[in-house]
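Right, one structure below, let's go through it.
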Amino acid sequence: MSGSTAKKRRNRKVEYTERVLGEALTELVREKPLRSVTVKEIVERADVNRSTFYVHFEGMEDLVRHVERSAAEAVIGYIKNAESRGEGAGDILDGLFDFVDANRDVLFWLVDDNVTGEALELVRDYCRRACVERWIDLTGLSEKECNCAITYIFGGGTALLRDWYRGGFRDTNTIRRCYRDLKVSTLAGFGLA
């Protein structure tokens, strides 16, 4: 086996192990508070040896950080792809709702009350960095006004997604319509529609 093939195989094994550990953590955190979840429970649920866990992660906090960062990276990756296609803020927000609807484990790590909130902070920080300069150029708003707009849009959108999540994803069409209508009026109010 060539070195390149062996490396790809190892990377697949690493990705697999980290994925099943993350999935086990997600399942357990849905059942009980994060602070109550143990490494022992995770490795049993993932069917992975405890020593294997420690090859990949220093401890519980490291795994949690990895899973939350992965969730944030998935959302940020979606946004970057949409930006590269030339989509504007409105289209990106519409697509983002569809993205989290299709990736509910990602949504879990963004809005569940039982997680640390790091994933949501990473996404918000990316949006702030990505939007402020562009919005200043588009609207003539000050940096402070653009930051206020991002806080308002992000906070409202997050609250709506959190309510939808807490409600067991009921009334998806109503929530989607409200999300889009509020997005349109909010973006228009800030001169971004």
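The values are calculated or read from the model by the stated rules, or taken from the named source; none is laboratory data. Values in this document were obtained by computation on a predicted structure and should not be read as measured data. Heads up, the Cβs are rebuilt from the backbone with ideal geometry, glycines too, and the neighbour counts pull from every protein chain shown. Ligands, DNA and RNA are stripped out before the accessible areas are found, and what is left, the full protein with its side chains, is counted by its heavy atoms. Shrake-Rupley method; radii C 1.70, N 1.55, O 1.52, S 1.80 Å.
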Compute the orientation-averaged projected area for segment 27-82 from the convex hull of its Cα atoms and round it to one decimal in nm².
4.6 nm²
Charge dipole of segment 74-158 built from unit charges on the beta carbon (Lys, Arg +1; Asp, Glu -1), centred at mean Cα; most positive-end Cα among 153, 136, 84 is 136
Considering the alpha-carbon set of segment 36-131 alone, what are its Rg and its Dmax in angstrom?
15.8, 47
Quick check for me: using +1 on Lys/Arg Cβ and -1 on Asp/Glu Cβ, what's the dipole size of segment 101-193 about its Cα centre, in debye to the nearest 20?
300 debye
Grab the DSSP H runs of the chain that are 4 residues or longer, score each as -39,500 (n - 2.57), total them, divide by all residues and round the 222 nm result to the nearest 500 deg cm²/dmol.
-27000 deg cm²/dmol
Mind listing the phi-derived Karplus ³J(HN,Hα) values for segment 105-115, rounded to whole Hz, using 6.51, -1.76 and 1.60 with θ = phi - 60°, and x for any glycine or proline?
5, 5, 4, 3, 6, 8, 10, 5, 5, 9, 10
Cβ-based charge dipole, segment 38-189, positive-most Cα from 185, 109, 71
185
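In debye, nearest 20: dipole of segment 31-76 around its Cα centre with unit charges on the Cβ of K, R (+) and D, E (-)? It would help to have the intermediate numbers written out before the result.
On the way: 7 positive and 9 negative charges, 21 e Å.
Using only the charged Cβ atoms, the result is roughly 100 debye.
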Cα point-scatterer Debye curve for the chain, base-10 log of I(q)/I(0) at q = 0.14, 0.16, 0.19 Å⁻¹
-0.87, -1.03, -1.26
Computed over the chain, protein heavy atoms only, probe 1.4 angstrom, the accessible area per residue in square angstrom equals 57 Å²
Tell me which aspartates and glutamates have Cα within less than 16 Å of residue 40's Cα, excluding those fewer than 8 residues away on the same chain?
18, 23, 27, 31, 58, 61, 62
Counting C-alpha atoms alone, how compact is segment 97-165: give Rg to one decimal and Dmax as a whole number, in angstrom.
13.4, 40
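How big is the charge dipole of the chain about its Cα centre, in debye rounded to the nearest 20, if each Lys and Arg gets +1 on its Cβ and each Asp and Glu gets -1 on its Cβ?
Taking the Cα centre of the chain as origin, the dipole is about 540 debye.
With a 1.4 Å probe and every protein chain kept in, tell me what percent of the accessible surface of segment 133-193 is carbon plus sulfur.
After summing per-atom areas, the C and S share lands at 54 percent.
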Convex hull volume per residue for segment 148-190, taking Cα atoms only, in Å³:
41 Å³
Measure off 7 Å from each Cα along the Cα-to-Cβ vector at residue 85 and residue 44, then give the distance between these two points in nanometres to one decimal.
4.4 nm
